[in-house]
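A.B. asks: Provided herewith is a single structure, encoded as structure tokens, for subsequent inquiry.
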Ligand SMILES: Nc1nc2c(ncn2[C@@H]2O[C@H](COP(=O)(O)OP(=O)(O)OP(=O)(O)O)[C@@H](O)[C@H]2O)c(=O)[nH]1
Ligand SMILES: [Mg+2]
């Protein structure tokens, strides 16, 4: 038996593909609509997916034409051997269909038993959390709490169940700390640290624009990423565009001097060189810079596209730095936002910002916990009932 998925813009297109590949006798096992591309799961292209099966012995496109020809021949000649063959294929397909029906039923009942007997709608939520890459233990914790909070009479109400699960997830974001935006008017020195290429410098530029141009604060940019000429130039381009001062510091001592010089500024944004979390020397050096300034707030920047295992490595290594808050970048490049929840929950640090593209200054947001929760829960709308 061969099973294959066919994706097209509409049902007719998908069915044509099935017919072209498997011939007219293929079995349609499942159809679903889903969205691909777009931003945060929105505005994507609406596509149709058809899962179809054919028996291994079943002739495919060309073969199926032969079968059709054979059938035509059978009707004109009354050849009884071919009639037997034709009936045989029908029987085989019937067997195949019952076998698949049984498999589907078994799959469904497995899903029930694997989910601690959650009520049906919560099973969908659980499955979606896992599809978003929320860790199994955390996903169970969330669903357990949600089941507790929904009135028994509303267990079959899709909207109510979704609302409660979203609310529980949102609470996990909130209890991990409040966001950067709520910290009033106090003067701040903020350093962005994190692995290479994750978007630290771009995020510094976005924050600089947000605070200087939009909020009218006095901002200075400082880079301690002086190893690479290109790194300084990258930040200088932004500083020039926004008419902001840019300072460079090659040693922790110089860093202290620069900070002293700009004591009057509302906000000092410090860019650092990307460090491989596995490079112990580089991490020690970075720590020396951070230790030189007791009031500094350290924001750890991570990419939402990074594998969970690598994120744990990063959080463990950068954990030496007394990180205050987190920033996740590149949310526009993934749908698996569950990793953000996993990290925020395990570190119990606030998620200060999320960034959603390369545009400076537009693609940055203070995260809305309920909206993030919805994106995590609705990773795959086709999984949802009704
Ligand atoms: N898609 C997407 N790309 C981003 C985002 N933020 C940054 N980038 C891109 O990621 C690439 C690296 O960005 P940088 O800001 O140079 O990263 P960095 O962390 O400063 O890199 P190093 O200084 O080399 O460690 C650039 O091409 C950015 O445009 C984002 O939110 N989404
Ligand atoms: Mg950089």
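A.B. asks: Semi-axes of the range 127-244's equivalent ellipsoid from the Cα gyration tensor, sqrt of 5 times each eigenvalue, largest first, rounded to whole Å?
C.D. replies: Working: eigenvalues 363, 64, 28 Å².
Taking √(5λ) for each eigenvalue gives 43, 18, 12 Å, largest first.
A.B. asks: A further question on this structure: Between residue 282 and residue 263, what is the label-to-label distance in nm when each label sits 7 Å out along the Cα-to-Cβ direction?
C.D. replies: Result: 3.5 nm between the two label points.
A.B. asks: List 262, 295, 33 from most exposed to least, where exposure is judged by having the fewest other Cβ atoms within 10 Å. Don't jump to the answer; show the numbers that get you there.
C.D. replies: Details: 262 19, 295 9, 33 12.
Ranking 262, 295, 33 by Cβ neighbours within 10 Å, fewest first, gives 295, 33, 262.
A.B. asks: Let me ask something else about it. What translational diffusion coefficient, to the nearest whole µm²/s, does the range 275-386 have by Stokes-Einstein, given a Kirkwood radius computed over alpha-carbon pairs, a temperature of 20 °C and 1.002 mPa s viscosity?
C.D. replies: On the way: Rh = 15.3 Å.
This corresponds to a translational diffusion coefficient of 140 µm²/s.
A.B. asks: Can you tell me what the convex hull of the Cα atoms of the range 195-303 projects to on average, as an area in nm²?
C.D. replies: On the way: hull surface 26.2 nm².
Mean shadow area of the hull around the Cα atoms is 6.6 nm².
A.B. asks: A follow-up question, please. How would you rank 334, 306, 31, going from fewest to most other Cβ atoms within 10 Å of each one's own Cβ?
C.D. replies: On the way: 334 18, 306 21, 31 15.
The order, fewest Cβ neighbours first, is 31, 334, 306.
A.B. asks: Going by how many other beta carbons lie within 10 Å of each one, how would you line up 278, 29, fewest first?
C.D. replies: Working: 278 11, 29 17.
Final ranking by Cβ density, sparse to dense: 278, 29.
A.B. asks: Let me ask something additional. By DSSP, what percent of the beta bridges with both residues in the range 299-367 are antiparallel, rounded to the nearest 5? Walk me through the numbers before you get to the answer.
C.D. replies: Working: 2 of 11 bridges.
DSSP beta bridges in the range 299-367 are roughly 20 percent antiparallel.
A.B. asks: Right, next: Sorted from largest down, what three extents in whole angstroms do the Cα atoms of the range 120-175 have along their principal axes?
C.D. replies: Taking the Cα atoms of the range 120-175, the three principal extents are 29, 23, 15 Å.
A.B. asks: Residues of the range 270-302 with amide nitrogen under 12 Å from the 7 Å Cα-to-Cβ point of residue 316?
C.D. replies: Label zone hits: 278.
Coordinate-derived values only; no laboratory data. Keep in mind that this is a model prediction, so the values were computed, not measured. Cβ sites come from the backbone with ideal geometry, for glycine too, and all protein chains shown count toward neighbours.
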